[in-house]
1. Taking the stretch 1-58 only, how many residues are open to solvent by 60 Å² or more (accessible area, probe 1.4 Å), among the charged types (D, E, K, R) and either at pLDDT 50 or above or within 19 Å of ARG139 (Cα to Cα) (or both)?
2. Please work out if VAL72 is open to solvent by less than 20 Å² (accessible area, probe 1.4 Å) and at pLDDT 95 or above.
Amino acid sequence: MMRKLLLAAALAATSTFAVATDFELSSPDIKPGSMIDKRFEFNGFGCSGENKSPALQWRGAPAGTQSFAVTVYDPDAPTGSGWWHWSVIDLPAEVHALAADAGAVGGAKLPAGAKHVRIDYGVAGWGGTCPPQGDKAHRYIFTVYALKTAKIEIPADATAALAGYMINANTLGKASFVAHYGRAKAN
């Protein structure tokens, strides 16, 4: 009996893993492992980019997905807790892409039903790359989450960390890629 239970558990884990590996996130604007273009840089805090979010697309979500969430996180920010650059929740299950500049503050360029969460710049929208000058290139982790709920229930002024907690509590699967950005030291 124990052998059958172990075999069943191993098969279930393998099939779950197979589904998870089919879930993919990509961007026509940013290739995994590449350096991010300056147009995606923040405009403020000493940075002078266009502060536009990149286009993203995903495929292969796990069965049972009722909505998606998207985040962009910099674990290298010198804060002790990283930096949230984007957090989008309540993307309907039939949505499989975000257009370029969907991160515009106000949410007008998001798909119907989706909403931004307040990020570490203090706004609900995209906040571009802006590592300190002369710091090593930072990693930016782009992630799409397939969720088992149609809506994430959080207050309108919730932080990206609270949204992240609720996203992770409802995740069926996720797909990520990492890209980099750095700024040369000022002369």
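The values are calculated or read from the model by the stated rules, or taken from the named source; none is laboratory data. This structure is a prediction, so every number in the text was calculated from the model and none was measured. Note: accessible area is taken over every heavy atom of the protein model, side chains too, but ligands, DNA and RNA are not part of it. Shrake-Rupley method; radii C 1.70, N 1.55, O 1.52, S 1.80 Å.
1. The number of residues fulfilling the criteria is 8.
2. Values: open to solvent by less than 20 Å² (accessible area, probe 1.4 Å): yes; at pLDDT 95 or above: yes.
Against the criterion (open to solvent by less than 20 Å² (accessible area, probe 1.4 Å) and at pLDDT 95 or above), VAL72 qualifies.
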